[in-house]
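The values are calculated or read from the model by the stated rules, or taken from the named source; none is laboratory data. Computed from a prediction, not measured in an experiment: that's the story for all the values here. Cβ sites come from the backbone with ideal geometry, for glycine too, and all protein chains shown count toward neighbours. Heavy atoms of the whole protein, side chains included, go into the accessibility calculation; ligands, DNA and RNA do not. Shrake-Rupley method; radii C 1.70, N 1.55, O 1.52, S 1.80 Å.
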Amino acid sequence: MSLTSPEVSAFADRVPAYLKRLERTTDALHPPAATDPERLHQAIRYACEGGKHLRALMVYAAGEALGVAAEKIDAAACAVELIHAYSLVHDDLPAMDNDDLRRGRPTVHKAYDEAIGILVGDALQTSAFEALATTEALDAEQKVRMIRALTHASGSLGMVGGQAVDMASENLTLTLPQLESLHARKTGALILVTCQLAGIAANASEATNQALEHYGKCIGLAFQIQDDVLDQIADTATLGKTAGKDLAQHKSTFPSLLGLEQARQRADALFDEARTAARNISGHADPLLWLADYIQQRKH
Ligand code: GRG
């Protein structure tokens, strides 16, 4: 992969090892697929497969930037991915986005059934907190701080609240600040918390936490704008399923408010701002710079 940042990072070489750690931690947490009730335990594993694991990589990148040993952030990386997986399973349900496909294959409620979809989300959510509560690599205070940060990010003041606002604003045209605030909660809070969890594991200073949080906020918003841009490009190219949906229900997106080119430029400016914040962190910024480049260059 070509990098846009001048700094050369070996973080890319360590990504496979980090993903392996994530897989091991997640696998150890889930009961074996043959555990009663089997269908539920199979579906839990199904929901965790695929995916780019960007949020876990953000935890590892931020942890590496702050010099934290990987064992201290394995549980955090696993926990954010579990919350993310649960949010996707519930978001796909008929009562929410009613999607048939996720990560290139049937959504959990299509592959199993709706009740299993609800229960899988519930189980993934509780497992996330189990991961943090049971890790032996952190002291009690760090665990409680992490649990608190993750509940805040994923609860009604964070992701769940953002989802509720999103659903309530269907068919409304939002202002740009309203759209940014919605996404700061719906998608941004979980991305921001990846940085906060690494800061907690590092017992980082206030100044470091602030720079790291600024990085996380910029990446979170840039990620969502980019997601809207990629969706819009895909819809225009295929006039596919989402385009059909958009005709039935109007949704404010960054391209619909700003135009495609300006939305792209706004995302690029935020990625640059994230890189500047990363360079202000008293640690070594390379992993965070690599991740900003990696996310900026993603095509799906
Ligand atoms: C249902 C409580 C609840 C919350 C849902 C995040 C969310 C809130 C819904 C997802 C809707 C969506 C597709 C938002 C766009 C941004 C996003 C989160 C994309 C998916 O994230 P990726 O690309 O997914 O990191 P993978 O599959 O790689 O893990």
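Observations on the model:
- Whenever a residue of the stretch 68-85 is more than 15 Å from L192 (Cα to Cα), its partners that are assigned to a loop (DSSP other than H, G, I, E, B) and within 16 Å of the ligand (Cβ to nearest atom), lying with C-beta atoms within less than 9 angstrom and at least six residues away or across chains, give the pairs A85/G51.
- Residue within the stretch 60-74 that is open to solvent by 30 Å² or more (accessible area, probe 1.4 Å), outside any helix (DSSP H, G or I), under 17 Å from K143 (Cα atoms) and more than 16 Å from the ligand (Cβ to nearest atom) present: yes
- Within the stretch 98-122, no residue satisfies the criterion of being open to solvent by less than 60 Å² (accessible area, probe 1.4 Å), among the aliphatic types (A, V, I, L, M) and closer than 23 Å to V165 by Cα.
- Inside the stretch 128-165, residues that are part of a helix (DSSP H, G or I), within 16 Å of the ligand (Cβ to nearest atom) and over 18 Å from E71 (Cα atoms) make up a count of 12.
- Per this entry, A85 is counted among residues that are open to solvent by less than 20 Å² (accessible area, probe 1.4 Å), near the ligand (Cβ under 9 Å from one of its atoms) and modelled with pLDDT of 95 or more.
- Residue within the stretch 264-272 that is within 21 Å of the chain's Cα centre (by Cα), closer than 30 Å to A131 by Cα and modelled with pLDDT of 95 or more present: no
- Against the numbered list (1) more than 10 Å from the ligand (Cβ to nearest atom); (2) among the small types (G, A, S); (3) over 19 Å from the mean Cα position of the chain (by Cα); (4) open to solvent by 10 Å² or more (accessible area, probe 1.4 Å), A95 comes up short only at (1).
- Test for D36: is it part of a loop (DSSP other than H, G, I, E, B), under 27 Å from S156 (Cα atoms) and among the acidic types (D, E): no
- Taken over the stretch 123-166, residues that are open to solvent by less than 70 Å² (accessible area, probe 1.4 Å) and under 19 Å from the mean Cα position of the chain (by Cα) amount to 25.
- From A202, A168, residue being of a type in the set (A, V, I, L, M) and under 30 Å from A140 (Cβ atoms): A202
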